[in-house]
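The values are calculated or read from the model by the stated rules, or taken from the named source; none is laboratory data. Since we're looking at a predicted model, the values are computed, not measured. Positions of Cβ are generated from backbone atoms using ideal geometry, with glycine treated the same way; all protein chains shown enter the neighbour counts.
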DNA sequence: AGAACCGCCTGCTTGC
DNA sequence: TGCAAGCAGGCGGTTC
C-alpha cells in the first residue's frame with residue numbers, strides 16, 4: 001500500500017513526465033470517478049506530494065488530488081489501451097497516464113489548490129517542538145498516534161512498524177510515556193527510514209509498482225513488517241504480531257520496550 | 001478522549 | 001478441481 005515513500009516516488013516521476021504538458025483527453029472507466037470533469041485542455045504546472053496525497057496542479061488554479069488508499073497506482077503507457085483494473089486515463093501528446101486500482105478505494109477530487117501544513121511532514125519543515133507539545137502527553141498508543149494523518153502526514157502501517165522497531169519502542173506504549181529522547185530517536189529513525197525507502201523507490205509488497213510498472217526494492221529492508229514467526233535480526237528472538245484496532249502490528253517483544 | 005467496529009471493495013488464500 | 005468463506009487494510013464515520 002502506498003505510503004509516503006511510494007507517493008513521493010510516484011509524485012517525482014509524474015512531475016518529470018507531465019509537468020508543462022497539456023491534458024488532451026480524460027476518460028473515466030469507473031462510475032465512482034465520474035465526477036472528474038473539466039480537465040481536458042488544462043496544462044499541468046506541477047505535481048506535488050501532500051502527505052499521502054498526490055496533487056496534480058493545473059494552470060486554472062485547481063488541483064487534482066489523488067489518494068491511492070490500498071491498491072491504487074499510476075502507470076504511464078505510450079498506447080491508450082486500458083490495462084487491467086484501469087479506472088481513469090489522461091491522454092498527453094507524449095503518452096497516457098492511467099490510474100489503476102483493483103479494489104477501487106482510491107479517491108480523486110478536483111479543488112482549488114490549498115496549502116497544507118508542512119510542519120506535519122517529517123521530510124518537510126517538520127515541527128518537532130510543536131509535536132511534542134501538542135501530542136507528547138496523549139494517552140493514545142504511540143503507533144496509532146504516528147499513523148494519524150491529522151498528526152503526522154505520510155506514515156502508514158508498514159513504516160510505522162519499521163520506525164518503532166528501529167527506535168526500540170513498543171507499539172502499545174502510551175504516547176505520554178515517551179521521553180523527549182524517545183521522540184528524538186523516533187523521528188531521527190523515521191527520517192532516515194523514509195529517505196532510504198524513497199531511494200529504493202518504495203516497498204513492493206503485494207501490488208505496488210512505480211510509474212513505469214517497476215517494483216521498488218525497499219521490501220528487502222523490512223525488519224519486522226510481515227515477519228511474524230521469523231527471527232529478529234538484532235536479538236534472535238521471534239517477531240510477534242498483534243492486532244491494534246483491526247490492523248496488524250509486527251514487532252520484536254525483546255527489542256521494543 | 002480513546003478504542004473498537006463497520007463499510008467501502010476485490011483478489012488472494014484457505015478449507016472442505 | 002471447485003466453490004465459499006475468510007482475510008487484508010486506509011480512512012471516515014459511528015458507537016460505546
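Residues in the range A:186-245 that are surrounded by fewer than 20 Cβ atoms within 10 Å (Cβ to Cβ), closer than 29 Å to residue A:132 by Cα and in contact with a strand residue (DSSP E or B) (Cβ under 8 Å, 6 or more places away or on another chain): A:240, A:241, A:242, A:243, A:244. Output yes when any residue across the range A:49-64 is more than 16 Å from DNA strand B (Cβ to nearest atom), surrounded by 18 or more Cβ atoms within 10 Å (Cβ to Cβ) and in a helix (DSSP H, G or I), and no when none is. No, there is no match, as no residue in the range A:49-64 is more than 16 Å from DNA strand B (Cβ to nearest atom), surrounded by 18 or more Cβ atoms within 10 Å (Cβ to Cβ) and in a helix (DSSP H, G or I).
Pairs linking a residue in the range A:167-184 that is within 10 Å of residue A:140 (Cα to Cα) to a residue that is part of a helix (DSSP H, G or I) and within 16 Å of DNA strand B (Cβ to nearest atom), with Cβ atoms under 7 Å and 6 or more positions apart or on different chains, are A:173/A:142; A:175/A:135; A:175/A:142; A:175/A:145.
Looking for something away from DNA strand C (no atom under 15 Å from the Cβ) and in contact (Cβ under 8 Å) with a residue 12 or more places away in the chain - is there at least one such residue anywhere in the range A:65-73? No; the residues of the range A:65-73 include none that is away from DNA strand C (no atom under 15 Å from the Cβ) and in contact (Cβ under 8 Å) with a residue 12 or more places away in the chain.
Condition first: within 16 Å of DNA strand C (Cβ to nearest atom), under 18 Å from residue A:183 (Cα atoms), in a loop (DSSP other than H, G, I, E, B) and free of Cβ contacts under 8 Å to residues at least 24 places away in the same chain. Can you find one or more residues in the range A:126-148 that meet it? Within the range A:126-148, one or more residues are within 16 Å of DNA strand C (Cβ to nearest atom), under 18 Å from residue A:183 (Cα atoms), in a loop (DSSP other than H, G, I, E, B) and free of Cβ contacts under 8 Å to residues at least 24 places away in the same chain. Restricting A:10, A:24, A:33 to residues that are more than 23 Å from residue A:104 (Cα to Cα) and in contact with a strand residue (DSSP E or B) (Cβ under 7 Å, 6 or more places away or on another chain) narrows the list to A:24.
Out of the range A:87-108, which residues are away from DNA strand B (no atom under 11 Å from the Cβ) and surrounded by fewer than 19 Cβ atoms within 10 Å (Cβ to Cβ)? A:91, A:92, A:93, A:94, A:95, listed by residue number. In the range A:106-119, is there at least one residue being closer than 28 Å to residue A:241 by Cα and at pLDDT 95 or above? Looking for residues that are closer than 28 Å to residue A:241 by Cα and at pLDDT 95 or above, one finds at least one in the range A:106-119, hence yes.
Could you go through the range A:100-123 and let me know if any residue there is in contact with a helix residue (DSSP H, G or I) (Cβ under 6 Å, 6 or more places away or on another chain), part of a helix (DSSP H, G or I) and within 13 Å of DNA strand C (Cβ to nearest atom). No: zero hits. If you scan the range A:29-44, which residues turn out to be surrounded by fewer than 18 Cβ atoms within 10 Å (Cβ to Cβ) and not in a loop (DSSP other than H, G, I, E, B)? Listed by number, the residues that qualify are A:31, A:32, A:33, A:43. In the set (1) surrounded by 21 or more Cβ atoms within 10 Å (Cβ to Cβ); (2) touching a helix residue (DSSP H, G or I) at 6+ places or on another chain (Cβ under 7 Å); (3) assigned to a helix (DSSP H, G or I), residue A:158 fails one condition alone, (2).
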